[in-house]
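For reference, the structure discussed in these notes is given below.
Every read-out reported here was derived from the displayed coordinates using simple, explicitly stated rules and does not represent laboratory data. All of these numbers come straight from a predicted model, not from anything done at the bench. We place every Cβ from the backbone using ideal geometry, glycine too, and count neighbours over all the protein chains shown.
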Amino acid sequence: METRIQLKHPEGKKAVTMDKTKYEPLKKAILAYLKKHKEATHTELFDGIEADLKKNKVKFEGNVQWHMEWVKLDLEANKKIKRVGKTPVKLALK
């Protein structure tokens, strides 16, 4: 049986629930990428996440970009990462 976790939205909007087995590898990959690169655009982050999943042979069912976006929003809401800059918006560790 899968364990689902309730995600948060940084603006307090309604967020989704996600299977923990999908959340954890994406969270780990996002934080590792930002630790290594200091900051990244959405596209750079997505490309890095896909590379990390392939390198670690993580089988991911579903749309990686959609799930990554929700994990990113949850990490923002939980003050683990922040948005920096205006155009383009970049993400960095908090």
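Database remark: amide H of Val16 closer than 5 angstrom to the amide H of Leu7 (H placed geometrically; neighbours at sequence offset of 5 or more, or on other chains; Pro and chain starts carry no H). For the stretch 15-47, the residues whose amide N sits under 18 Å from a probe point set 7 Å from the Cα of Lys57 along the beta carbon direction are 25. For the stretch 1-62, GluC sites (Glu not before Pro) meeting the loop criterion (DSSP other than H, G, I, E, B) and having at most 16 other Cβ atoms within 10 Å: Glu2, Glu11, Glu61.
Entry note, the chain: the mean residue ellipticity at 222 nm calculated from DSSP H runs of n ≥ 4, each adding -39500 (n - 2.57), is -16000 deg cm²/dmol after division by the residues and rounding to the nearest 500. The Cα atoms of the chain give a gyration tensor whose axes a ≥ b ≥ c have a/c of 1.5 or more with a/b no greater than b/c, which makes the shape oblate.
Arranged from fewest to most other beta-carbon atoms within 10 Å of their beta carbon, Thr43, Thr21 become Thr43, Thr21.
Quick one: grab the alpha carbon gyration tensor of the stretch 1-50, order the square roots of its eigenvalues as a ≥ b ≥ c, and give me rounded if a/c is under 1.5, else prolate or oblate depending on whether a/b is larger than b/c. Walk me through the numbers on the way to the answer.
Values: a/c = 2.66, a/b = 1.51, b/c = 1.77.
Here the stretch 1-50 falls in the oblate category.
Straight Cα distances below 17 angstrom link Lys55 to the lysines Lys22, Lys27, Lys28, Lys36, with same-chain residues fewer than 8 positions distant left out. Along the stretch 74-90 the Karplus relation, 6.51 cos²θ - 1.76 cosθ + 1.60 evaluated at θ = phi - 60°, assigns HN-Hα couplings of 5, 5, 5, 4, 8, 6, 8, 10, 9, 8, 10, x, 10, 9, x, 5, 10 Hz to successive residues, with x for each Gly and Pro.
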